[in-house]
Amino acid sequence: MADLSVKIGNLTFKNPVLTASGTFGYGLEFSDFIDLNRLGGFVVKGTTLHPREGNAYPRMAETPGGMLNAVGLQNKGVDYFIEHIYPQIAHIDSRIIVNVSGSSVSDYVACAERINELEHIPAIELNISCPNVKQGGMAFGTSCVSAKEVVEAVRRVYKKTLIVKLSPNVTDIVAIAQAVEDGGADAVSLINTLLGMAIDAEKQKPILSTVTGGLSGACVKPIALRMVWQVSHKIHIPVIGLGGIMNAIDAVEFLLAGATAVEVGTANFIDPAVSVKIIDGINDYLERKHIASVQNIIGII
């Protein structure tokens, strides 16, 4: 076995493969398919301060090489997570990360404060693609100023590893990454979904109830790979790469581009065991290349 361990901030992961928020539930849903203890980590579904019903149906659509979703962060809120979900997953020998979303800075802060108290949750992933209701609905992550503001506010109350998930729907993702680094982030993850839409030509109407939604899957990989490469060479904190990773070689490409770790998302819907196959595949790649540690290939492009 090659050494697959990686570090993000002060946090060590047994391997660089995590699962992406919104595609893996709370982890429990996949326990019949894989040994969750084998994962480097898993990011639970988007969690907000208060319960959310999500958007009206239909809110998912298949597209060539990917899928669109407009689920709308449906969840039962952070208190439900703490009381009902956390006791069921706290024992798992994997890095459990909670994806935190909000509609205002105070929502992010309050949610992060609650999760900070959970002993077996060593990190959060801040989803700054959410619309800022106090700034006319513009997403926090599309402005350097608002991105830094929310990260700084959360950093003041959250004492563990803080990962910030970046939106690709921006003019300059490097500038956003630098802003959240300045705000106190320990790492960034990218990319979140791209904005897209689908139309039913027979009905002559959009397929999604929200008209537009987030595009993910194999089709977004070249864009994600480019952004990871750009960002990783311009900031001093680790990058977690995601976007269209469907197999081990896809994951290796992200590592070569500069990602310290990767997240597997849409591929989980196609093959619920894909994450452990990717772990094994990265190891096979390293052994085939006679490379002792995964860290020896990170960012060599």
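The values are calculated or read from the model by the stated rules, or taken from the named source; none is laboratory data. Only a predicted model underlies this, so the values are computations on that prediction, with no experimental measurement involved. Neighbour counts are summed over all protein chains in view; Cβ atoms, including those assigned to glycine, are modelled from backbone coordinates with ideal geometry.
Each row is one residue, and each column tells you yes or no for (1) within 16 Å of the chain's Cα centre (by Cα); (2) small (Gly, Ala, Ser); (3) buried (at least 17 other Cβ atoms within 10 Å of the Cβ).
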| residue | (1), (2), (3) |
| --- | --- |
| 164 | yes, no, yes |
| 183 | no, yes, yes |
| 194 | yes, no, yes |
| 203 | no, no, no |
| 216 | yes, yes, yes |
| 223 | yes, no, no |
| 226 | no, no, no |
| 233 | no, no, no |
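For the stretch 134-145, the criterion of a residue being modelled with pLDDT under 95, in contact with a Ser or Thr (Cβ under 8 Å, 6 or more places away or on another chain), not aromatic (Phe, Trp, Tyr) and not in a helix (DSSP H, G or I) is satisfied by at least one position.
Looking across 42, 33, 24, one residue alone is under 19 Å from the mean Cα position of the chain (by Cα), among the aromatic types (Phe, Trp, Tyr) and assigned to a loop (DSSP other than H, G, I, E, B). It is 24.
Reported count of residues in the stretch 181-234, each being on the phi < 0 side of the Ramachandran plot, assigned to a loop (DSSP other than H, G, I, E, B) and free of Cβ contacts under 8 Å to residues at least 60 places away in the same chain, is 6. Of the listed requirements (1) closer than 28 Å to residue 7 by Cβ; (2) in a loop (DSSP other than H, G, I, E, B), residue 73 misses just one: (1).
When 9, 41 are screened for being among the small types (Gly, Ala, Ser), modelled with pLDDT under 95 and surrounded by 15 or more Cβ atoms within 10 Å (Cβ to Cβ), only 9 passes. If only residues of the stretch 205-214 that are of a type in the set (Val, Ile, Thr) and surrounded by fewer than 19 Cβ atoms within 10 Å (Cβ to Cβ) are counted, the one that is nearest to the chain's Cα centre (by Cα) is 212.
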